[in-house]
Amino acid sequence: MVVSVLSYLTVAVMSVDLGSEWMKIAIVKPGVPMEIVLNKESRRKTPTVVCLKENERLFGDSAMGSVKNPKSVYRHLQSLLGKKHENLQVALYQKRFPEHHLQEDPVRGTVHFKNSEEMQYTPEELLGMVLNYSRGLAQDFAEQTIKDAVITVPAFFNQAERRAVLHAAHIAGLKVLQLINDNTAVALNYGVFRRKDIDSTAKHVMFYDMGSGSTTATIVTYQTVKTKESGTQPQLQIRGVGFDRGLGGFEMDLRLRDHLARLFNEQKKSKKDVRENHRAMAKLLKEAQRLKTVLSANVDFMAQVEGLMDDIDFKAKVTRSDFEELCADLFERVPQPVQDALTAAEMKLDIEQVILVGGSTRVPKVQEVLLKAVGKEELGKNINADEAAAMGAVYQAAALSKAFKVKPFLVRDAAVFPIQVEFTREVEEEEGVKTLKHNKRILFQRMATYPQRKVITFNRYNDDFVFNINYGDLSFLSQEDLRVFGSLNLTTVKLSGVGSSFQKHADAESKGIKAHFNMDESGVLLLDRVITYSSSAFSSWQSFNKCLVKMYIHERLAFTKLLLILPICLPAKEEKDGDKSVNTEVEKKARPQKKSKISEEITLELLINDIVDPTADDLTSSKKKLQDLTDRDLAKQEREKTLNSLEAFIFETQDKLYQEDYQQVVTEEEQEQISAKLKEVSEWMDEDGYAATTKQLREKLFQLKSLCKDMFFRVEERRKWPEHLARLESLLNSSSFFLKSARLIPEDDQIFTDVELNMLEKVINETMMWKNETTAEQEKRSPKERPVLLSKDIESKRTLLEREVNYLFNKAKFAKPKPKAKNGTSTDKSSKANSTAEENVSPPIEESTDTKSESSEEKPSDETPSTESTLDSQSQPKEETATTGLYTTPVN
């Protein structure tokens with residue numbers, strides 16, 4: 001097992017493989033190393049979809065089923081994260097989903113969905129709802145609360161997109177341990193289960209991941225490395241990444257959908273254009289997705305949709321060649337990510353294996369084109385294309401959690417986009433003319449490993465200044481990719497207090513201004529702090545002057561005393577006739593200069609230039625909005641539960657009134673009263689009940705239960721009597737036998753006192769008398785009256801008697817045998833006593849039908865076991881004994 005728990009605390013962690021169309025959830029909890037979470041439909045993957053209606057919110061498959069109102073269904077939200085309103089990706093989303101109305105945020109410049117004034121949601125808020133739903137599924141599966149999660153994101157997500165995912169997780173109430181690139185999570189999952197195959201020789205593997213929305217090719221190097229902390233450990237390093245943001249299965253689905261729409265229009269069964277009907281197009285998209293899957297295994301298929309539009313059915317035959325012709329230009333783009341990954345890694349096609357990941361790699365034409373591009377005999381299909389990322393991410397979650405211990409597997413991820421620092425400063429030319437010079441310093445190069453800390457030093461600034469953090473050379477992206485990428489400027493940093501910091505230490509030497517950067521585990525760049533550094537050095541003469549002043553002021557020494565300290569403060573001079581070793585030592589003491597390092601943190605102001613982060617108030621408002629929706633969902637669920645309980649109570653009670661058990665205990669008047677009330681509430685539900693509040697439904701249910709309470713009580717008591725009386729009767733018989741056997745023990749071997757035996761006899765007699773009198777009185781009463789024989793009273797009497805018997809039995813169990821005669825021989829009397837104890841002092845256990853009785857003939861005639869051995873061997877009740885008597889559980 002690769003994951004072990006450090007403690008028995010109820011802790012669990014989760015991962016979410018957040019795809020554009022599907023999400024897969026995995027957990028690690030004590031006793032469950034790694035497991036995929038099943039959703040409410042018992043499926044291993046869930047659509048990344050949320051449906052928002054006026055009074056209802058649906059997720060996953062339930063949300064996908066709302067094709068009747070596609071305007072309320074929100075999906076493929078990833079493509080809108082970290083994008084401004086004018087981004088090409090937003091325009092493409094609007095084209096694909098024309099039923100949605102996207103508006104620009106006047107402050108952040110991003111987009112939000114607007115259905116009405118009351119229903120306006122940002123992509124981060126909608127994604128937060130999906131993440132919160134995934135958390136609920138994980139908690140139900142783990143049967144405990146979960147807060148910590150690792151979430152996958154595409155490797156090509158830039159800084160704004162990564163921050164958007166973090167904001168969505170914050171709104172959902174999740175603590176993100178790490179945003180892990182989905183290709184890295186896949187590589188980790190692959191390496192963890194092939195740990196034994198990794199050695200000091202580097203092995204290069206390419207993962208080709210074509211999902212619903214995008215395609216990524218990743219080159220990974222596996223090998224063992226030595227570490228100071230853990231010795232030799234396996235490591236994966238991301239060497240190269242190539243991607244195509246728009247190449248995925250969803251674009252194929254859309255082309256198939258449009259093809260089906262054309263076929264329907266050509267059939268001319270309706271005068272209307274099906275492409276203008278959002279509901280009909282949603283149905284065709286669903287059929288197109290099914291069609292693509294079927295054509296991966298079949299050469300043709302009959303697409304059909306019942307009641308597509310105006311109650312008109314649609315049916316048309318589509319072949320695999322039709323599909324490949326529709327997506328011909330998409331298949332031509334399949335090899336490009338491979339070439340881009342090789343270029344980024346500065347490698348040739350020296351790859352041991354190309355492994356397929358993602359659902360869209362199942363399309364035969366994709367595999368055919370890719371196989372030709374990589375020049376391999378076959379493609380690797382030895383991992384779960386759907387679940388590898390979720391499993392790798394949850395392994396990382398366990399590694400980052402303090403509650404679990406995993407076998408180390410080092411991960412060195414890589415930043416796809418370079419980042420640099422840019423600043424300007426005045427430069428004096430030869431003729432004394434000052435000009436501004438623009439400087440650039442690379443902070444993180446393309447494919448630089450992270451997490452990593454970097455420091456940039458500014459040496460020629462003595463006052464406040466400004467510098468910028470921007471993306472570096474992105475010439476490897478196409479013009480269209482650059483337009484989708486968004487702003488190339490990240491952050492403007494304004495420093496204040498630089499001049500005053502240096503002025504405080506005017507006598508010190510400036511060592512520059514250092515900006516400390518950190519690219520964390522999530523690939524998010526942070527500016528930790530900016531600090532000014534200075535150092536001061538003091539010569540020996542300066543030390544001597546300070547020494548004189550200090551002595552004069554504080555000690556007021558005489559001149560003679562000052563002369564005595566001169567050899568200490570002044571540099572020693574070499575004497576011609578002196579010991580050279582001594583002079584050399586004095587020189588060594590005088591030569592070094594004392595240095596003092598001075599550092600001071602500088603105030604900085606960050607101006608975000610790509611996508612402005614939501615404010616704290618914005619996040620609080622979003623969390624409240626989602627919490628209100630959650631409360632509404634819970635209230636709705638509670639109302640439905642109460643409504644179902646009320647309906648079930650009415651139907652079940654109406655049926656019970658005709659059952660023999662109930663007719664036996666209810667009077668005609670009572671039956672009429674109950675029937676009338678049930679009919680009244682049933683009619684009320686038909687008219688007003690389905691619009692009633694939860695409180696009103698509870699009140700109606702309470703009224704019915706109160707009215708039927710006595711009837712239910714009488715029936716329930718009569719059903720319990722046989723079992724409870726049988727258990728009491730069994731205990732009375734066994735305890736009476738126990739008492740009789742105890743009284744037969746000879747006086748010399750008696751272990752019970754008369755008081756104890758008399759007390760047991762008293763309890764037996766009182767219990768027997770109560771049972772006989774109460775049952776006799778109950779027989780005189782009508783079944784329609786409240787019973788005097790109650791199951792709780794029977795159980796109380798049985799418990800009291802059981803306690804008395806247990807006390808005596810335990811005393812016998814732990815009693816020590818009395819010593820034998822000194823001559824070492826047993827008298828006939830003691831032998832007879834022991835034999836009597838063996839036969840008679842036995843636990844009052846009712847024999848089960850399958851218990852074999854021991855005959856005296858089976859034992860040797862000369863064997864006479866002692867009282868102690870008899871109690872230890874025969875008096876131990878067995879858990880397997882199928883009895884309904886006293887000892888149904890072991891007695892300690």
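The numbers here are math on the coordinates, done by the rules we state, and not lab data. If you're wondering where the values come from, they're calculated on a predicted model, not measured in any experiment. Quick reminder, even Gly has a Cβ in these numbers, built from the backbone with ideal geometry, and neighbours come from all protein chains shown.
When each pair of different Cα atoms in the stretch 5-96 is counted once in the 1/r mean, what is the Kirkwood radius in angstroms, to one decimal?
15.5 Å
Mind putting together the pair-distance distribution for the stretch 149-207? All Cα pairs, 10 Å bins, whole percent per bin, short to long.
19, 40, 25, 14, 1
Taking 22 Å as R0, compute the FRET efficiency from the Cβ-Cβ separation of E601 and D520 and round it to 0.05.
Approximately 0.65, to the nearest 0.05.
Could you bin all the Cα-Cα distances of the stretch 630-682 into 5 Å bins starting at 0 and give me the percent of pairs in each, rounded to whole numbers?
Answer for the stretch 630-682: a P(r) of 4, 18, 21, 18, 13, 9, 7, 6, 3, 1 percent.
Could you state, as a whole-number percent, how many of the C-alpha pairs of the stretch 118-237 are farther apart than 20 Å?
58 percent
R0 = 60 Å: FRET efficiency of D311 with D507, Cβ-based, nearest 0.05?
Efficiency, rounded to the nearest 0.05: 0.05.
Between Rg and the Kirkwood Rh of the stretch 249-332, both from Cα atoms, what is the Rg to Rh ratio?
Radius of gyration relative to Kirkwood radius: 0.96.
Mind checking the full-extension length gain between E480 and K705? Use 0.36 nm per residue of separation minus the Cα-Cα distance, one decimal, nm.
Once the chain is fully extended between E480 and K705, it gains 74.1 nm.
Cβ under 13 Å from V421's Cβ, V421 left aside: what net charge do those residues give with Lys, Arg +1 and Asp, Glu -1?
+4
I'd like to compare 153-166, 340-353, 93-106: which one has the highest average count of other Cβ atoms within 10 Å, and what's the full order after that?
Result, highest mean first: 153-166, 340-353, 93-106.
Once a ≥ b ≥ c are taken as the square roots of the eigenvalues of the Cα gyration tensor of the stretch 419-537, is the result rounded (a/c under 1.5), prolate (a/b larger than b/c) or oblate (a/b not larger than b/c)?
In terms of gyration-tensor shape, oblate.
Within the stretch 206-242, whose backbone N sits under 14 Å from a point 7 Å along Cα→Cβ of L92?
Within reach of a label on L92, which here means backbone N under 14 Å from a point 7 Å along Cα→Cβ, the stretch 206-242 contributes 211-216.
Given the C-alpha centroids of the stretch 394-423 and the stretch 323-381, what is the distance between them in whole angstrom?
27 Å
Given 25 °C and 0.890 mPa s, how large is the Stokes-Einstein diffusion coefficient of the stretch 648-717 in µm²/s, with Rh as the Kirkwood radius over Cα pairs?
It diffuses with D of about 194 µm²/s by this estimate.
Which order do peptides 35-43, 20-28 fall in by mean Cβ count within 10 Å, highest first?
With the highest mean Cβ count within 10 Å placed first, the list reads 20-28, 35-43.
Arranged from highest to lowest average of other beta-carbon atoms within 10 Å per residue, in what order do the peptides 736-743, 263-270 appear?
Per-residue mean Cβ counts within 10 Å order the peptides as 736-743, 263-270.
Once you put a point 7 Å from the Cα of K762 and another 7 Å from the Cα of T201, both along the Cβ direction, what distance in nm separates them?
9.0 nm
Mind giving me the nanometre distance, one decimal, between the label points for A776 and K641, set 7 Å out from Cα along Cα→Cβ?
5.0 nm
Test of understanding: extend the Cα→C-beta vector of K440 to 7 Å, then name every residue of the stretch 402-429 with backbone N under 18 Å from that spot.
Taking a point 7 Å out along Cα→Cβ of K440, the residues of the stretch 402-429 whose backbone N falls under 18 Å are 416-425.
What number does the stretch 100-183 give for Rg over Rh if you use C-alpha atoms and the Kirkwood radius?
1.03
Suppose each label sits 7 Å from its Cα in the direction of the beta carbon; what would the I531-D273 distance come out to in nanometres?
6.6 nm
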